[in-house]
Amino acid sequence: MLAKATRGEELKKVAILQSNYIPWKGYFDLISAVDEFILYDDMQYTRRDWRNRNQIKTPQGVQWLTIPVQVKGKYHQKIFETEIDGTEWAANHWKALSQNYGRAPYFDEISAWLEPLYRSSRFTHISQLNRCFIEAICNYLEINTVISSSSDYALIDGKTERLAHLCAQAGGTEYISGPAARDYVEEAIFSDQGIMLTWFDYKGYPEYPQLWGEFSHGVSILDLLFNCGKNSPKYMRYVP
C-alpha cells in the first residue's frame, strides 16, 4: 500500500495523467495515492480514447457515453485545445444515467450534485469539463490531493524528460506512474533527478453490489457511486 507524505516530511508523491471523462475507480485511487496530481492535457488529443468517453452498465450490457468534440482537420490539436461540439450530449448522457441507475440505492444522493454539472452549459472544452467532473467526484469521496495542470509548469521535450521535469518542478520526490507507461518511461532519467519511480498497481479490486448482470470493473466510477455512495471507498484501495 502506498503511503502519502505527512505534514513536516519533505517527501512528495506526484502523478501525471491526461484528464478523462468520468473515469473509472482506479483513476481516483491514483489521485488519492499522491500528494499532487497533474492533469497532462498538453498532450496531443487522441480519438476513440478516454478523454471524451467512458462506459456505464445497462440491462443490454456495457454502453459508451461519448461527448462529441471538434476534430475535423485538427490532427495535431492538444487535449486542452479540443472543443466540445454542441450541447445536446449533456441531456442525453444524464438521461442515460437516470434510466440505468435510477433504481440504484444512492442515485438521489449522487444526482443532487452530479445533475447540475450536466445541466450547466458553461463547458466549451473537454479539459475544462473533465476537470470539473473529476474535482466534484474527489470532493464527494473526500480526496484532498492537490490537482494542478501541466500548463502551470514549464514543459521540455522528450517523453520521460518532460514527466521528470514536471515532477521536479512540483517538488516531487517520488513519481507514481500507471503500468501502461512501462513501454516508454526511462527510469534512469528519474534517477538522475533524484526522483523515485513507482509503478501503480490496479489489481485486486473487490466486487461491489452492481446492477445489470455480470460484474464489470472497468466502467465509470459513477457506477460505484450510484450503487455504494459513501461506502464506495470500501471497494477502492487508496481512498480513505
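Annotations for the structure displayed:
- Count - residues of the range 144-195 that are more than 24 Å from Ser32 (Cα to Cα), of a type in the set (A, V, I, L, M) and outside any loop (DSSP other than H, G, I, E, B): 2
- Residue check, Gly172 at pLDDT 95 or above and either surrounded by 15 or more Cβ atoms within 10 Å (Cβ to Cβ) or out of contact with any helix residue (DSSP H, G or I) (no Cβ under 6 Å at 6 or more places or on another chain) (or both): yes
- For Gln193: the one exception among (1) surrounded by fewer than 20 Cβ atoms within 10 Å (Cβ to Cβ); (2) within 19 Å of Gly26 (Cα to Cα): (2)
- The range 194-232: number of residues that are out of contact with any Cys (no Cβ under 8 Å at 6 or more places or on another chain) and more than 20 Å from Val62 (Cα to Cα): 14
- Residue satisfying condition, being modelled with pLDDT of 95 or more and either open to solvent by 70 Å² or more (accessible area, probe 1.4 Å) or closer than 22 Å to Glu83 by Cα (or both), within set Ile143, Ile147: Ile147
- Enumeration of residues in the range 101-123 that are over 16 Å from Gly229 (Cα atoms) and touching a residue at least 60 places away in the same chain (Cβ under 8 Å): none
- Among residues of the range 53-78, those that are over 23 Å from Ser220 (Cα atoms) and of a type in the set (Phe, Trp, Tyr), counted: 1
- The range 51-85, subset closer than 19 Å to Lys25 by Cβ and among the basic types (Lys, Arg), residue nearest to the chain's Cα centre (by Cα): Arg51
- Highlighted here are the helices (runs of 4 or more DSSP H) found entirely within the range 1-120 that include at least 2 residues which are closer than 18 Å to Asn139 by Cβ and open to solvent by less than 40 Å² (accessible area, probe 1.4 Å): 25-33, 107-119.
- Flag for Gly213 being open to solvent by less than 60 Å² (accessible area, probe 1.4 Å) and either in a loop (DSSP other than H, G, I, E, B) or out of contact with any Gly (no Cβ under 8 Å at 6 or more places or on another chain) (or both): no
- Test for Glu207: is it in a loop (DSSP other than H, G, I, E, B) and either crowded, with 19+ Cβ neighbours inside 10 Å or in contact with a Phe, Trp or Tyr (Cβ under 7 Å, 6 or more places away or on another chain) (or both): yes
The values are calculated or read from the model by the stated rules, or taken from the named source; none is laboratory data. The model shown is predicted, which means the values in this text are computed figures rather than measured ones. In this analysis, Cβ positions are derived from the backbone assuming ideal geometry, glycine residues included, and neighbour counts consider all displayed protein chains. Note: areas computed on protein heavy atoms with side chains; ligands, DNA, RNA excluded. Shrake-Rupley method; radii C 1.70, N 1.55, O 1.52, S 1.80 Å.
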